[in-house]
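Peer 1: Sharing a structure, written as structure tokens. Questions coming.
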Amino acid sequence: MSPSSSSTPALLLPTSTSSDTKPVTNVIVHPLVLLSILDHHTRRQDGDLRVIGTLLGKRDGNNVEITNCFAVPHAERGDEVAIGKDFNRQMLTLHQRANRNEHVIGWYATAFPTNNDGDNNNNNDDGVDNCIADTSSLIHEFYSSETDDTIIDSPIHLVVDTSLVNDEISLKAYMSSAVVLDGEPLANLFHELKLVLKSSESERIVLDEMIKGLSGKGGDVDVEEETKKNNENTTTTSTTTLKCSMEKLLSMLETASEYIGQVVDGKVEPDDAIGRQIADTLSSVPRIRPETFDKMYNDSLQDLLMVTYLSNITRTQLTISEKLNASLDINLK
């Protein structure tokens, strides 16, 4: 942990050199990032007002896509902040072994509690603006040295408000820009960026299953009954999901085939943009013989069934273990 002390205001930072890259205007956040931040916040130590961590992702022109993140230990005491530099770099090394395309984009933090006692370095005394604190400038300065200037000239600061105001979790993304007076850079100022949530196809399937699993489960749930029900329905759910995906694919193919037929017959005016999209889609599909495709499909289905079977066994063992531990605790008492 490396301590730093300063009375720098939250909105002021030492100026950093700017690169020749295009300015960042949009920030895209994946659901995995939000879930990881919320999990970190839930597991925080007693007395910690907020948690921080490193954001990983990539940049494409004016857009920054945040695809992953990991927690970083830190401590804040008044105007002082300590950050686990060694821990951050070790975690970054491990992540880049799995995905070298992910780079340090910035850092995240949870917002301070809205009702504060004045000791949490909140900018606004009435607790309205709890996203940026005085110590945020020090942490931002640290991440300015951790980001690659060839990818992004200033780190992205993502703030997740976990106060559940109006039963919602709000996200805000900030970036610092130089404040110049008479041609001389004085400091940097945080300004908010446009932020959108984006999920891939696989992430959307997982989120849908999570929502389905949580819906309709109010009150106490019998663990044994729920486990038995899950074991019976897991295979059916997996097969149903696969069936829905294949039906959706067939519907899209029928739509494209119908459009092409109408264009060939002269019933519809051809659109060059749609034609290029269809051509790009067809060119991206590998040429595979029907028997080879059937074998690949069956192998994948067998793998899916095996994973389902193993997960059911693991879930059953965990349930048995919980019941044994509960019974042992009762007997000991």
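Every number in this text was worked out from the coordinates using simple rules, so none of it is lab data. Note that this is a predicted model, so its numbers are computed, not measured. Glycine also receives a Cβ, built like all others from the backbone with ideal geometry; neighbour counts cover every protein chain displayed.
Peer 1: With each label point set 7 Å from Cα along the Cα-Cβ vector, what nm distance links TYR309 and GLU201?
Peer 2: 2.7
Peer 1: Here is a follow-up. Any idea how far apart ASP48 and LEU242 come out in nm if each label point goes 7 Å out from Cα toward Cβ?
Peer 2: Going by the 7 Å Cα→Cβ label model, 4.1 nm.
Peer 1: Using the structure shown, select from LYS22/LYS198; LYS248/LYS295; LYS172/LYS194; LYS22/LYS194; LYS58/LYS85 the pairs with a Cα to Cα distance greater than 18 angstrom.
Peer 2: In this structure, LYS22/LYS198; LYS248/LYS295; LYS58/LYS85 exceed 18 Å between Cα atoms.
Peer 1: Once both labels are modelled 7 Å past Cα along the beta-carbon direction, what's the ASP280-SER321 spacing in nm?
Peer 2: For ASP280 paired with SER321, the spin-label model returns 4.7 nm.
Peer 1: Could the peptides 265-272, 149-156, 102-109 be put in order, highest first, of the mean number of other beta-carbon atoms found within 10 Å of their residues? Working shown, then result.
Peer 2: Working: 265-272: 9.6, 149-156: 20.1, 102-109: 24.0.
So the peptides 265-272, 149-156, 102-109, ranked by packing, come out 102-109, 149-156, 265-272.
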